[in-house]
Amino acid sequence: MSLYKKNIKLIDVTSKNIELIYDFLSRCKYSLKTFRYFATRRVEDVIILHKATAVLSYDNIIVGYAHLDRDPECLWLGICIADDYIGRGFGNLLMKEILLKNKPEEKITLTVDKNNNSAINLYKKHGFVPIETTEKIIKMQLAK
């Protein structure tokens with residue numbers, strides 16, 4: 001693991017420590033307006049389908065969440081930072097770590113709200129390119 005500070009750690013989430021996701025979600029109000037993954041899904045139902053699920057802990061507080069969700073055609077990336085921790089570099093760090101959990105030959109896709117400029121910039125920084133745009137959403141894919 002290539003985390004920068006000793007008080008930051010990436011924790012892999014399984015069904016045995018699923019409460020870490022609920023802990024994270026309790027810190028999100030604003031963030032969940034753009035990260036709607038759990039708005040229509042139960043945590044217990046989807047975690048078993050994920051290739052990777054992780055949370056980022058800072059000073060023993062869960063500040064970030066990421067997953068690679070399996071699909072027949074690709075992996076879907078989801079990433080979210082808790083409200084009070086946005087803009088501190090945690091998204092960049094979490095993105096680096098979750099991408100390390102993927103094989104280079106697998107396509108990674110994501111969707112992002114068209115007006116979420118900070119997320120779009122983060123994704124572009126890590127090699128994602130737009131492949132489809134609608135009125136509200138941009139679909140991006142990790143360039144090979």
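What follows draws every value from the coordinates through simple rules; no lab data is involved. Given the structure is predicted, the values throughout are model-derived calculations rather than measurements. Using ideal geometry, Cβ is built from the backbone for each residue, glycine included, and neighbour counts are taken over all protein chains shown.
Key figures
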quantity	calculated
Out of Lys101, Lys96, Lys139, sole residue that is of a type in the set (D, E, K, R), assigned to a loop (DSSP other than H, G, I, E, B) and in contact (Cβ under 8 Å) with a residue 12 or more places away in the chain	Lys101
All positions within the range 9-57 that are among the charged types (D, E, K, R), touching a strand residue (DSSP E or B) at 6+ places or on another chain (Cβ under 8 Å) and under 16 Å from Leu110 (Cβ atoms)	Lys51
Number of positions in the range 73-116 that are more than 17 Å from Lys139 (Cα to Cα) and surrounded by fewer than 16 Cβ atoms within 10 Å (Cβ to Cβ)	11
Cβ pairs under 7 Å, 6+ apart, first in the range 32-50 and over 24 Å from Ile137 (Cα atoms) and in contact (Cβ under 8 Å) with a residue 12 or more places away in the chain, second among the aliphatic types (A, V, I, L, M) and surrounded by 16 or more Cβ atoms within 10 Å (Cβ to Cβ)	Ile47/Val13
